[in-house]
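Here's the structure we're looking at; comments come further down.
The values are calculated or read from the model by the stated rules, or taken from the named source; none is laboratory data. Just so it is clear, the structure is predicted and the values come from calculations on it, not from any experiment. Virtual Cβ from ideal backbone geometry, glycine too; neighbours counted across all protein chains shown.
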């Protein structure tokens, strides 16, 4: 009996997901970072980039974890060591801050001004690797067109929002008010979308995401102070 044979999924074109290609694009600012930690960040990021690319090309349900492992150049075992499932791989690791950084913020540091110190926290979260325009465009596209992914992003945001809300209340005192803290976090999150629009609209490719974000934050601060 004839047949079409096993499905062959194109897991490479048009993006190159090999370790060499992606490690060349990553820039870690902490030169004293532990080598194992850096390697984990590089591999995890590569897996997520490949997962998002496959989602963009084939749809979320259009590829398997085995095909993702092949695209990312890792074994199936390594893939599951990083991510328990496909959804987690597409979303990537959430923002991470060390206990030391959070403790400094809760204690009123490092500068003693709430918004300025929030900028320090945000800088710590976005400094791990340089912004990649193509990655950002793919990420935005798949989240906008896939309700399941969008819902997962919202769930993750609520978890991060709860963490930051409690940190603000620990710092400013309960009298600051939980609703005020949550509104502040929500506004700050929305500014990322504004900054991303700004960066993607820059045809020169020279616009940095962190710069665009902090400029947007300064605009909001000026507006609220008037």
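Data overview
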quantity: Criterion: in contact with a helix residue (DSSP H, G or I) (Cβ under 8 Å, 6 or more places away or on another chain) and part of a helix (DSSP H, G or I) - qualifying residue of 171, 180; calculated: 171
quantity: Residue match in region 121-136 (condition: at pLDDT 90 or above, buried (at least 16 other Cβ atoms within 10 Å of the Cβ) and either closer than 26 Å to residue 86 by Cα or not assigned by TED's automatic domain parsing to the domain that holds residue 51 (or both)); calculated: no
quantity: Residue among 84, 110 that is farther than 27 Å from residue 208 by Cα, free of Cβ contacts under 8 Å to residues at least 40 places away in the same chain and either outside any helix (DSSP H, G or I) or touching a helix residue (DSSP H, G or I) at 6+ places or on another chain (Cβ under 7 Å) (or both); calculated: 84
quantity: Inter-residue pairs, beta-carbon under 9 Å, first at positive phi and in region 38-61, second modelled with pLDDT of 95 or more and not in a helix (DSSP H, G or I), 6+ apart; calculated: none
quantity: Selected residue (criterion: surrounded by the fewest Cβ atoms within 10 Å (Cβ to Cβ)) from residues of region 67-81 that are in contact (Cβ under 8 Å) with a residue 12 or more places away in the chain and in contact with a helix residue (DSSP H, G or I) (Cβ under 6 Å, 6 or more places away or on another chain); calculated: 73
quantity: Every residue from region 137-149 that is surrounded by 13 or more Cβ atoms within 10 Å (Cβ to Cβ) and either free of Cβ contacts under 8 Å to residues at least 40 places away in the same chain or touching a strand residue (DSSP E or B) at 6+ places or on another chain (Cβ under 6 Å) (or both); calculated: 143, 145
quantity: Where a residue in region 201-226 is in the same structural domain as residue 120 (by TED's automatic domain parsing) and outside any helix (DSSP H, G or I) and its partner, wherever it lies, is at pLDDT 80 or above and surrounded by 14 or more Cβ atoms within 10 Å (Cβ to Cβ), with Cβ under 7 Å and at least six apart; calculated: 207/198; 207/199
quantity: Boolean, residue 139 is modelled with pLDDT of 85 or more and more than 17 Å from residue 213 (Cβ to Cβ); calculated: no
quantity: Condition met for residue 156 (in a helix (DSSP H, G or I), touching a helix residue (DSSP H, G or I) at 6+ places or on another chain (Cβ under 9 Å) and more than 17 Å from residue 119 (Cα to Cα)); calculated: yes
quantity: Among (1) touching a residue at least 60 places away in the same chain (Cβ under 8 Å); (2) surrounded by 15 or more Cβ atoms within 10 Å (Cβ to Cβ) - the single one residue 159 does not satisfy; calculated: (2)
quantity: Flag for residue 132 being farther than 26 Å from residue 55 by Cα and either free of Cβ contacts under 8 Å to residues at least 24 places away in the same chain or in contact with a helix residue (DSSP H, G or I) (Cβ under 9 Å, 6 or more places away or on another chain) (or both); calculated: no
